[in-house]
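The values are calculated or read from the model by the stated rules, or taken from the named source; none is laboratory data. Given the structure is predicted, the values throughout are model-derived calculations rather than measurements. Cβ placement follows ideal geometry from the backbone for every residue including glycine, while neighbour counts extend to all protein chains displayed.
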Amino acid sequence: MISFCKSILDFLRIDLPLTFKNSLLLAAVYTFIIPVIRGISNLDNIHSADVFGQSVALIGIFLLIPITKQELEVAVKEIVYTKAWSYRKSVTIRLMCSFLLIAIMVVVFASIMRLQNCYFPFWEYVSITILYAVFLGLLGLLLSQLGSNVIIGYLASLGYWSLCQLKILTEENISFLFPIINGAINTERLLILVSVDICLLALFLCRVKRTIGKV
């Protein structure tokens, strides 16, 4: 058990800087830019939801899509740090780290909004934003894996986000997955979002498993 934990720590020490250095920096810079792009002071629950769904959720794109970029670029489907580490195990750890980083950044940003006198149900909005950020990230991650190019993933996720911003996908459309409508949480849409997240994650892991079989 001690040896296993040490192996994980060694892997994280080597892999995390390679995987998240640039994407985490971009996500942090973007997060600091959000208050410049749009005000985050004295907002009610409706306008707070707009900030989370239209801006903060993009953190998921920065932190999830690039986690397989190393292998896609060099066409290597096994991590070479040690023979014990399979590609699937590496990707699983990266996914967990991405989810954790997304959660931390959303919570921190929501806390800053609260300090700026924004009024909204804290944990409900935080949880939904994390789920929506994960959706945007997993959508791009799956498509980048299928197309063997992260650019495809970025275009897909940003394309979906743009359709929502341009009102081509509206709250009346079932494909509009952000479940906070006019400040109220739509339970049915929330269940759809959770289901879509699970499906995207399962499809991605299946794709990774198929990739391993081809190595």
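The table that follows gives values for the structure above.
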quantity: Selected residue [crowded, with 16+ Cβ neighbours inside 10 Å and under 14 Å from L139 (Cα atoms)] from V196, V208; calculated: V196
quantity: Breaking point among (1) part of a helix (DSSP H, G or I); (2) modelled with pLDDT under 95; (3) not charged (D, E, K, R), for F99; calculated: (2)
quantity: Residue among I181, I168 that is of a type outside the set (D, E), touching an Asp or Glu at 6+ places or on another chain (Cβ under 6 Å) and more than 14 Å from G60 (Cβ to Cβ); calculated: I181
quantity: Odd one out for L146 among (1) under 20 Å from F20 (Cβ atoms); (2) in contact (Cβ under 8 Å) with a residue 60 or more places away in the chain; (3) surrounded by fewer than 24 Cβ atoms within 10 Å (Cβ to Cβ); calculated: (1)
quantity: Of the criteria (1) under 13 Å from G53 (Cβ atoms); (2) in contact with a Phe, Trp or Tyr (Cβ under 7 Å, 6 or more places away or on another chain), which one I128 fails; calculated: (2)
quantity: Answer from S127, S144 - the residue that is part of a helix (DSSP H, G or I), among the small types (G, A, S) and modelled with pLDDT under 95; calculated: S144
quantity: Hits in segment 19-44 (condition: assigned to a loop (DSSP other than H, G, I, E, B), touching a residue at least 24 places away in the same chain (Cβ under 8 Å) and not small (G, A, S)); calculated: I40, N42, L43, D44
